[in-house]
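Each remark here refers to the structure printed beneath this line.
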Amino acid sequence: MEQGTGEVFKVLPEGSITTPKGFMAGGLHCGLKKTTRHDLGAIICEVPAAAAGVYTLNKVQAAPIKVTKDSIAAGGTLRAVLVNSGNANACTGQQGEEDAFQMRKSFAEAAGISEHEVAVASTGVIGELLKMDRVLDGIAALPPKFGNTAAASEDFCQAILTTDLVQKMVCVSVEIDGKTVHVAGAAKGSGMIHPNMATMLGFVTTDAKVGSEALQQLLGQATDLTFNMITVDGDTSTNDMLVAMASGLAENNELTPVHPDYSAFAAAVQYVCEVLAKAIARDGEGATKLIEVQVEGAENNESARAIAKTIIGSSLVKSAVFGADANWGRIIAAAGRAGEPLNPDTVDISLGDIETLRQSKPVVFDEEAALEYLKGDTVVIRVHLHLGEGRAIGWGCDLTYDYVRINAAYRT
């Protein structure tokens, strides 16, 4: 059992994005990638599902985002989301937009559903047109791949990966009106991670009965505390998208903010988003460590979030963690340039439980103990500002030689 915002829910280690009632998934290789790893996948619901989405705030947005916004705006419901990897279909002009809409149309025909019930997402190289003959052949071959098994879910998760090393999926259950409600999620992300809305690509499924308006509110709130609090390299993608679908087949009373179990459902959604967000940070390109920054005592929560994300995004902080160098000076310097209120005489900094700075004065600490701590695969940096009640947590990863190697030849 996990504790979240005062409510208890159950983590299902064997669960997947198809555990919520009404959902199936599948994936295959259609030839967009040079390898034989899956590069086309879909999640499909047997009934119209209440839908919500959040998208990148990058002013350069990929064609699939326009398609997905159009689909959700048509009626607030979706039956499916179609995803390809290996090509972002971004900065591809009118042809790219036509291709994205063609993907929606062709999948709708193959699945026997309405065009406006299909969302589209893409990830991969920017600026190259899709090989549409391969995509369309793949779409035609997808429906027989759909299933509600763990293997089908894994096929989908493989289909959305780019430089990711691991698949990212989580599922929980929570009691609503005496009914067992499931919330599950899958995501991809490894590089170009500095979201201003969500993750690179993320998908949440649930069998809860909840309207699209309430689902949109919940998704936005969860995103602010999870996906918007991670960074790998400070770059916001052109394709960031997080889509949630609720089948309603758990048969609970409709969830609204006045429902007595609303907070339990909100906690489950936030937990799913947090697990996926941390998995993305841990799987950052070339990363060897997950870094968690905890900020307390800020003027308010918004200020704490800005400071935490500035620290986690600092190349100097990330490099120091990679090298297991207990250089607290880089941490306080990052906090000081976040553009938020800070008293330079009242800052405390700890690496895990090892105190390195108290009231902005250096504390003598065991360098060997700090070295051993920083060699671990998870590093927690604690910063207390002693200004107010604001607090936040951010996640990121170390900056390694491999990050440069991977991105020096990403396109080629």
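The values are calculated or read from the model by the stated rules, or taken from the named source; none is laboratory data. These numbers were taken from a predicted model, which means no experiment stands behind them. Positions of Cβ are generated from backbone atoms using ideal geometry, with glycine treated the same way; all protein chains shown enter the neighbour counts. Calculation scope for accessible area: heavy atoms of the full protein, side chains included, ligands and nucleic acids excluded. Shrake-Rupley method; radii C 1.70, N 1.55, O 1.52, S 1.80 Å.
Quick check on ILE280: is it under 30 Å from LYS209 (Cβ atoms) and open to solvent by less than 20 Å² (accessible area, probe 1.4 Å)? Here the answer is yes, as ILE280 does meet what is asked.
Scanning region 402-412 for residues that are assigned to a loop (DSSP other than H, G, I, E, B) and either among the polar types (S, T, N, Q) or crowded, with 16+ Cβ neighbours inside 10 Å (or both) yields a single hit, THR412.
Within region 114-135, one or more residues are of a type in the set (A, V, I, L, M, F, W, C), in a helix (DSSP H, G or I), touching a Ser or Thr at 6+ places or on another chain (Cβ under 9 Å) and buried (at least 17 other Cβ atoms within 10 Å of the Cβ). Summed over region 270-311, residues that are closer than 22 Å to GLY202 by Cβ and among the aliphatic types (A, V, I, L, M) total 12. Of all residues being among the hydrophobic types (A, V, I, L, M, F, W, C) and under 19 Å from ALA108 (Cα atoms) in region 53-73, which is farthest from the chain's Cα centre (by Cα)? Just the residue, please. Restricting to residues being among the hydrophobic types (A, V, I, L, M, F, W, C) and under 19 Å from ALA108 (Cα atoms), the top hit is ALA73.
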